[in-house]
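The values are calculated or read from the model by the stated rules, or taken from the named source; none is laboratory data. Since the structure is predicted, the reported quantities are computational estimates derived from the model, not experimental observations. Counting neighbours? That spans all protein chains shown, and the Cβs are built from the backbone with ideal geometry, glycine included.
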Amino acid sequence: MSNSKNTGHSHHDPASEDFRKEDFPFYWLARVHGRYTQNMERLLKKIDLDVPRWRVLWILNENGESSISEISTHAIAKLSTITKIVYRMKDDGLVDTSPSPEDGRVTQVRITELGLQNIERMQDVTRELFQRSFKGLTEAQVQRLNRMLEVVFHNLETL
């Protein structure tokens, strides 16, 4: 007879009787993300920036011109949130916006010279944090971690 309760011995499965939070990958992902964000906010505050602006600038730095919806996708943030951030950044001179030539309903965003200067400032204040974050890991281990996290990310795609 089948029992609806999972009686497996998988410490990382919350449905298991033997579950331990320290063996749950999302426990560590949440803790790492929280600590990383706290450190980033503290460092970026020194140059009058924050993590959302950092994300938008890096997305634009890597992708060039992007639509607000593309930025939203890469930043994993609501479109309305990114829209507000982009227009605040435009007011600050970090980005510029224009309607897409293909579809006037789409707003394209590009980084300004001031935005590029802020990328350099961001690198200066966050460089040590990134180096410290992966201390003790080889380049191959970091690449493997990225590949594993990418698999989990795609497994969690919205249905």
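Remarks
- For ARG121, the test of being surrounded by 12 or more Cβ atoms within 10 Å (Cβ to Cβ), in contact with a Gly (Cβ under 9 Å, 6 or more places away or on another chain) and of a type in the set (Lys, Arg) is failed.
- Odd one out for HIS74, checked against (1) out of contact with any helix residue (DSSP H, G or I) (no Cβ under 6 Å at 6 or more places or on another chain); (2) without any contact (Cβ under 8 Å) to a residue 24 or more places away in the chain; (3) surrounded by 15 or more Cβ atoms within 10 Å (Cβ to Cβ): (1)
- Of residues in the range 36-71 being touching a residue at least 60 places away in the same chain (Cβ under 8 Å) and within 25 Å of PRO101 (Cα to Cα), the one surrounded by the fewest Cβ atoms within 10 Å (Cβ to Cβ): TRP58
- Which listed residue is modelled with pLDDT of 95 or more, surrounded by 10 or more Cβ atoms within 10 Å (Cβ to Cβ), not aromatic (Phe, Trp, Tyr) and not in a helix (DSSP H, G or I), from VAL142, VAL109: VAL109
- Selection from the range 29-45 of residues that are under 14 Å from VAL125 (Cβ atoms) and either modelled with pLDDT under 95 or among the hydrophobic types (A, V, I, L, M, F, W, C) (or both): MET40, LEU43, LEU44
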